[in-house]
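As structure tokens, the structure follows; a few thoughts come after it.
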Number of protein chains: 4
Amino acid sequence: MVAMLNVHPTRTADLRAPDELQVAPGTYVESFIDTFGNRCARFVAQQGTLRLSNVTLLEDPGFPDQVNYSAREVPVQQLPVDYLRYLLNSRYCEVDRFPIIATELFGGMAPGWGRVQAICDWIHSNVTFGYQFARPTKTALDVFAERSGVCRDFQHLAVTFCRALHIPARYATGYLGDIRVPASPAPMDFSAWFEVYLEDRWWTFDARYNCPRVGRVLMATGRDASDVAITTSFGMANLTSFTVVSEEVTQENSQSA
Amino acid sequence: MVAMLNVHPTRTADLRAPDELQVAPGTYVESFIDTFGNRCARFVAQQGTLRLSNVTLLEDPGFPDQVNYSAREVPVQQLPVDYLRYLLNSRYCEVDRFPIIATELFGGMAPGWGRVQAICDWIHSNVTFGYQFARPTKTALDVFAERSGVCRDFQHLAVTFCRALHIPARYATGYLGDIRVPASPAPMDFSAWFEVYLEDRWWTFDARYNCPRVGRVLMATGRDASDVAITTSFGMANLTSFTVVSEEVTQENSQSA
Amino acid sequence: MVAMLNVHPTRTADLRAPDELQVAPGTYVESFIDTFGNRCARFVAQQGTLRLSNVTLLEDPGFPDQVNYSAREVPVQQLPVDYLRYLLNSRYCEVDRFPIIATELFGGMAPGWGRVQAICDWIHSNVTFGYQFARPTKTALDVFAERSGVCRDFQHLAVTFCRALHIPARYATGYLGDIRVPASPAPMDFSAWFEVYLEDRWWTFDARYNCPRVGRVLMATGRDASDVAITTSFGMANLTSFTVVSEEVTQENSQSA
Amino acid sequence: MVAMLNVHPTRTADLRAPDELQVAPGTYVESFIDTFGNRCARFVAQQGTLRLSNVTLLEDPGFPDQVNYSAREVPVQQLPVDYLRYLLNSRYCEVDRFPIIATELFGGMAPGWGRVQAICDWIHSNVTFGYQFARPTKTALDVFAERSGVCRDFQHLAVTFCRALHIPARYATGYLGDIRVPASPAPMDFSAWFEVYLEDRWWTFDARYNCPRVGRVLMATGRDASDVAITTSFGMANLTSFTVVSEEVTQENSQSA
């Protein structure tokens, strides 16, 4: 089994407590960085009940997601070569089916931050959120036709629109720690958002909430949800229970667990 | 535009002539290695007719694809971590739809080389080759249902079966230089095959021809055809003509051009 | 709005109470027989809450589904011409994607009742039931790949296998009145099964329960679930509540309401 | 084998020569009318080469397809009940995936002839014709995403848009006899168009050519191409050659063969 239950290496410096995945019953856990730069844990699960847990403390400056309206799209010929892969097809982001649809909707807009924001606005307005619309095989085209889904579906469609317009985009998962959005009745979960490469770096966007949030703690990025599954089981596994708690701790600390 | 028209870095030592992509009209061509380890060329194409060409000479020992019946499958926990990505979903290899089908067909077999060979045998026997069955959006499930396709479709299905059984598999493209297979009336093309990680290395398999071939010259490997397209155009491009010539040169040299 | 909430015309003679759809708020309800032979009700729904209800009493001899192991498949050239349509593609039964899969699984079996039973056995054994696997766009190929679904999915796959083998098959909905199967914790619902034309008539099969049941009361048959939706709304409609009660009444009567 | 190689019963009165399918080698051919009202021929084909042919002469008034800009859409509650089925899902017309897309594109337009014409205009402008885009499993959603196809694909998308807007639409095949459109280099073929029920009758529309044509000779109508295949083979059959000749004969006769 491979788990992505640690904070992303880019946030390691902010850790104020160890960030080690606990596996019960105990087993050797190998930690490694995957080809997308995510910290992963690999271990052999025994038959029977398996319990994975992690508790840590992370300092966050408490600023909302950065916004930079003047950030430009980077021409493909100037993109860092390692990011070209974020322009291509992936399992849930069938870029090859979207060149025309994406161009019809967003092709006429000025390139840059505003166009990515327009993609988020369109999805936020046109796709209905609901857990009953989730299914593991749902692709961006399914989301576009059905106009419904969960977090991951919103971001998959956004990522696909971006790539179809030659804007590098990748899927992201992590903790969403702020309390500025009214509490939802649904149980808390890890959250998905997406990142877009503009100007000279990756920026956070979120087609689901579509407003800057405070306290995102990145865990992993990849081409789509396939690359950053919380756990990938090679063998039979049933999820019986799943809890995420993310709390803000006073004295300038915010904790994500 | 990004082109993969060079031999793979693993074959650079065998080159006996320069291997440089020619672009006409002339433009600056940037060469780089992508995240899959392939040599790529990036350039800005002018409007109008574009001509890409490459001619080189490569020394090949002339041995057929290696066969190792005793090569074992490597448990996921012992796989080099960089190869875990070759167990996951990709655009044309929807591993998430195949766990049951793959297990029904091949789950009862002894793990190892023989099981991968059984996958090739099954596909070779059950899928019909034909250029009329090609389409850019065809996935492994389409191939499984329709039982028809071209080279790339045969390999996509094989790759997907392997991954569904937790065997790392990747898609490969290159020149196929031997003359032991009767000439086909169809125009020559680059060829696709696939690679499987067994024991301690990657091995060549080919669900299309399903017999050891001489003179394969690898160009690129990736998750599926999306990652190793001969050319990926970011913008409008129409292919008007395409020619591949691969000839054996005497004096122990084999040429691929 | 068109509703199929009456018993099928073939059961009209068994009615011991009126079988009239009640619509509240009251509106003119037009009753008609559709091209599949089902009794339908058409009416214009006012904005606001709509309540559809029907209560009736039906006499049933109390025999289980008939079984006839010697019933033969009818060659296509001898089928009643009106039933040829039950050999063709429909929305959820993509016969065109199943000729090879169906032949691999069932092509080698002796034609006739036993082969249809083998189809039910295979689906019953290989498909997992669960409401969480339901979705309105799920097709037979989805069910085959995912091996999970609800009633309707089981029957769609069975219908598709039959048609791919040139056996006329149609989708059926109705009440399932017996109490011989242990009560399920899920709320009661209309049930789906399917009918197959063998020898000289249509026979009832059920890939979900896969055992003869007592007290099926047929409501409608069609090519697939699209043709026999309980209600088809031409305009926006949200289902807020749905209850089905089916009780056996003493004195040789069985009631379905 | 079932063939639809006769003119439609609505055109029988215009026949000036017998319209009988010839089958060689000779066999008994049963003629019947299917549930869609089409004339069909059923026969048992011997192993080996089969030749189907038909030659007939038909008088046509020579008027172009009728246009009636004032034809209104009929509310669902007033539609002839037999035509309700032309509002539903079928294999290649997945109406269930189009309610939002169709409403976005055409929902704001005035109902009636003009809206159907707008659908044809949109498809005619946005979908590229090409035989290389044909495949037997292509659905309306595929056409919408890929924006390419052959005759049948254009009409499937149009039919689906109409149904999603609650306008009855059916698929039609037949001869296209006029010579006003510049000859195409491709071999002649049967043609597909579609019919829409407006006001009080069915009207001919054609999203492929999108202009009134002279000399259409209807052969069959159905929900989609599945219902009106030129031939449906229950068993293995390979099409080796296919020729359609449609000529205008002087003295007020037009011949379709």
homo-copy label distances at C:P64 (7 angstrom along Cα-Cβ), nm, one dp, ascending, are 5.8, 6.7, 6.7
What are the nm distances, shortest first, from B:E199 to its equivalents in the other copies, labels at 7 Å along Cα→Cβ? 5.4, 6.1, 7.9
Area of B:T173 that stays accessible when all protein chains are in place (1.4 Å probe, Å², to 10): 10 Å²
Contact-by-burial set, region D:5-42, min loss 40 Å², accessible area of protein heavy atoms with 1.4 Å probe, reference chain alone, gives D:F32, D:T35, D:R42
When the accessible area of region D:1-135 is computed with all protein chains present and a 1.4 Å probe, what percentage of it is carbon and sulfur? 54 percent
Take the Cα coordinates of the protein assembly as shown, assign each an equal point scatterer, and use the Debye formula without solvent to give log10 I(q)/I(0) at q = 0.09, 0.10 Å⁻¹. -1.19, -1.44
Note the distances from C:Y28 to each other copy's matching label point, with points 7 Å along the Cα-to-beta-carbon direction, in nm, sorted shortest first. 5.0, 7.7, 8.1
Given a 1.4 Å probe, how much area per residue of region D:1-92 is accessible, in Å²? 51 Å²
For region C:1-120, what does the equivalent ellipsoid look like in terms of its semi-axes, each the square root of 5 times an eigenvalue of the Cα gyration tensor, given largest first in whole Å? 37, 21, 14
Judged on accessible area alone, 1.4 Å probe, highest first, A:E247, D:E30 line up as A:E247, D:E30
Long-range amide H contacts for B:A220: which residues qualify at under 5 Å (H placed 1.01 Å from N, peptide plane, sequence gap of 5 or more or a different chain)? B:T173
Quickly rank C:42-49, A:215-222 as a protection proxy: mean count of other C-beta atoms within 10 Å, highest first. A:215-222, C:42-49
Over region C:99-169, average the accessible area per residue using a 1.4 Å probe and give it in Å², no decimals. 31 Å²
Sorting A:H166, B:H156 on solvent-accessible surface, 1.4 Å probe, most exposed first, gives A:H166, B:H156
In short, region D:215-241 residues buried by 20 Å² or more of accessible area relative to the isolated chain (1.4 Å probe) are D:R223, D:S226, D:D227, D:F234
Shielding by partners for B:140-146, please: the mean number of other protein chain Cβ atoms within 10 Å of each residue's Cβ. 5
Where in region D:114-138 does accessible area fall by at least 30 Å² between the isolated chain and the complete protein assembly, at a 1.4 Å probe radius? D:R135, D:T137
If every Lys and Arg gets +1 and every Asp and Glu gets -1 at its Cβ, then about the Cα centre the protein assembly as shown yields a dipole, in debye to the nearest 20, of 0 debye
What's the buried accessible area, both sides, between B and A using a 1.4 Å probe, rounded to 100 Å²? 2800 Å²
Only Lys, Arg, Asp and Glu count, each charged at its Cβ (+1, +1, -1, -1), so figure out the dipole size of chain D about its Cα centre, rounded to 20 debye. 460 debye
Under Karplus coefficients 6.51, -1.76 and 1.60, residue-wise ³J(HN,Hα) of region D:73-84 in Hz, glycine/proline x: 6, 9, x, 3, 5, 10, 5, x, 4, 5, 9, 4
Just want to confirm a number: the relative contact order over region A:63-185, from Cα pairs under 8 angstrom separated by 6+ residues, in percent. 32 percent
Could you state, as a whole-number percent, how many of the C-alpha pairs of region B:199-250 are farther apart than 17 Å? 62 percent
Treating chain C as a set of equal point scatterers at the Cα positions, no solvent, please give the Debye-formula log₁₀ I(q)/I(0) at q = 0.12 Å⁻¹. -0.73
Taking H placed 1.01 Å from N in the peptide plane, check which residues at least 5 places from C:L21 or on another chain put their amide H under 5 Å from its amide H. none
Computed accessible area, B:Y197, all protein chains, 1.4 angstrom probe, square angstrom: 20 Å²
Once each part is reduced to its C-alpha centroid, what is the distance from region D:21-94 to region B:3-58 in angstrom? 55 Å
Under the rule of -39500 (n - 2.57) per DSSP H run of 4 or more residues, summed and divided by the residues of the protein assembly as shown, what mean residue ellipticity at 222 nm is obtained, to the nearest 500 deg cm²/dmol? -5000 deg cm²/dmol
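The values are calculated or read from the model by the stated rules, or taken from the named source; none is laboratory data. Model, not experiment: these values are computed from the prediction. Don't worry about glycine lacking a Cβ; one is built from the backbone with ideal geometry, like all the others, and counts go over all protein chains shown. Side chains are part of the model used for accessible areas, which takes the heavy atoms of the whole protein and leaves out ligands, DNA and RNA. Shrake-Rupley method; radii C 1.70, N 1.55, O 1.52, S 1.80 Å.
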